[in-house]
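Report on the following structure.
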Amino acid sequence: MRGAFPVLAVLLASCAGKQALPPGDELEMPPEKPSAAQVEAHQEQVANTLPKADQELQASFENPKAKKPVEVASDAGTFAPVVATPPPVSPPLPTDNELLRREVGPQLAAIKKAVAKRQYEQCAALEAVQALPEWPAEFQLQKELEAGCALGQGQGGVAKSLAWLKACGPDKVEGCRARAIGSLAASAQAKGADKAGIEAKVKELRKADTCLATAGASAEAGDSACVDEALGVYRKYGDELMKARVWLLRGRAAVAKKHPDPQTFFIKAEGECKEARCAGVRRQALMSLSRLAFASGDLETAASAVLREGALASATLPEAERTFTRSADAERICAAYDAKAGAGACRKLEKKLTGDYHFKDYSKARAKRGLSGNLVKEVNEHFNCLLQECLGLEAQRLTPPASETYEIRWAVLNDGKVGEVHLGRKEQEETPLAECVRRQFALWRYPRYDGEQQHVEQRFTVSARERR
């Protein structure tokens, strides 16, 4: 898009909501074919963090010396054929935390194999393993092995079994808890064990878990007396995950019984547990909260909840996979919130709440009839907040009352990525603004398309911002 923007528009405008595309601009989405492991993991997460009845709440430019591009009438910018070779992209390096996690997995697997063979002398290796609570699967396995080793070596195992119980989640919670409680029961056979006391613990824990399983079968049963008793048990043992699941049940019951303020229960469920193993419960609570708030017209609460849910979902992935996790709910709710609070309001809220942005990967779809101006405009609006950050920083570098107009040009490659990025004047090519813009464009994704590669030009006017 060619044109000067007022400073407020440049500095404050952000990514707009998705607009419906006119006929002929449809995107051809490939059929979703998740792996069996992905399907199983998703099903297990949902099944173990939310009662069944509540699942519903659930771009190289042409050579500068070449001829001027032929303009195409479009609000999205200027297009021209261009031959472009994208720069090689190296895969992101794993973080130190990810490298450590990769070491822990095989260590635990080896110890697990030894324990299964009753080679308890290998249990000493557990002392050198450092599974962190933010790795729930590995942390849970370590606690399970510690309990198994204690029992196998005749050391009782009450404390180890209870620690295992409080490490269950986010997946296969019921099965994990059943095994941990079984381990607790077995510890009663150890020499000198408080058999009566252990049996009492086993009884009340099993009763509480049975209650939640039964209550989960009915939308209205989440506020039954046994659920209240179960909450007391979970409080006694300090199990934050199970307390959060109780509040999730109560929220479902509040919705079913038309409680005047069901949102309160989901807020409580989300806030009850901040452990990594509780991410699934928190996400389900936030999803329910966002949909309830959206239905009632409370768009800020709806937007806040759906953005926080997206951040939680992103955090469960390796860092290299966290950028393109924008959900359909977030698109829909943010579009409504922007319409009410002003363009870019939802992106500002996202940055404030999560410290980052999340995006839709348009390159997963193919443009049926080539990359039209309407499609380019939609993508530009979606990723525009990244350019706004660069322009905002540039405004701080200018001396008031100076203003500057910048022309930014970029190529859209056939795979949807952005190729070379140029600023309009040669002296601008090595500036901090140019570096920032190029870095941000690495995240942009357009729909894949066939035919001649195209490029886009946009102009922005930035006015100096007073330094404070």
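The values are calculated or read from the model by the stated rules, or taken from the named source; none is laboratory data. On a predicted model such as this, the values are computed, not experimentally measured, just so you know. Cβ: placed from backbone, ideal geometry, glycine included. Neighbour counts: every protein chain shown.
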Exactly one condition in (1) part of a helix (DSSP H, G or I); (2) modelled with pLDDT of 95 or more is not met by Arg326; state its number.
-> (1)
Using beta carbons and a limit of 7 Å, which pairs, at least six apart or on different chains, have the first residue in region 290-305 and of a type outside the set (D, E, K, R) and the second one not in a helix (DSSP H, G or I)?
-> Leu292/Pro262
Just a yes or no: is a residue in region 298-306 surrounded by fewer than 19 Cβ atoms within 10 Å (Cβ to Cβ) and either under 20 Å from Trp444 (Cβ atoms) or assigned by TED's automatic domain parsing to the domain that holds Phe383 (or both)?
-> no
Return the residue satisfying two criteria in turn: it lies in region 422-467 and is over 17 Å from Glu381 (Cβ atoms) and of a type in the set (Ser, Thr, Tyr), and of such residues it is surrounded by the most Cβ atoms within 10 Å (Cβ to Cβ).
-> Tyr449
Boolean, Lys160 is among the basic types (Lys, Arg), surrounded by 15 or more Cβ atoms within 10 Å (Cβ to Cβ), more than 31 Å from the chain's Cα centre (by Cα) and at pLDDT 95 or above | yes
Can you tell me how many residues in region 163-193 are surrounded by fewer than 17 Cβ atoms within 10 Å (Cβ to Cβ) and modelled with pLDDT under 95?
-> 4
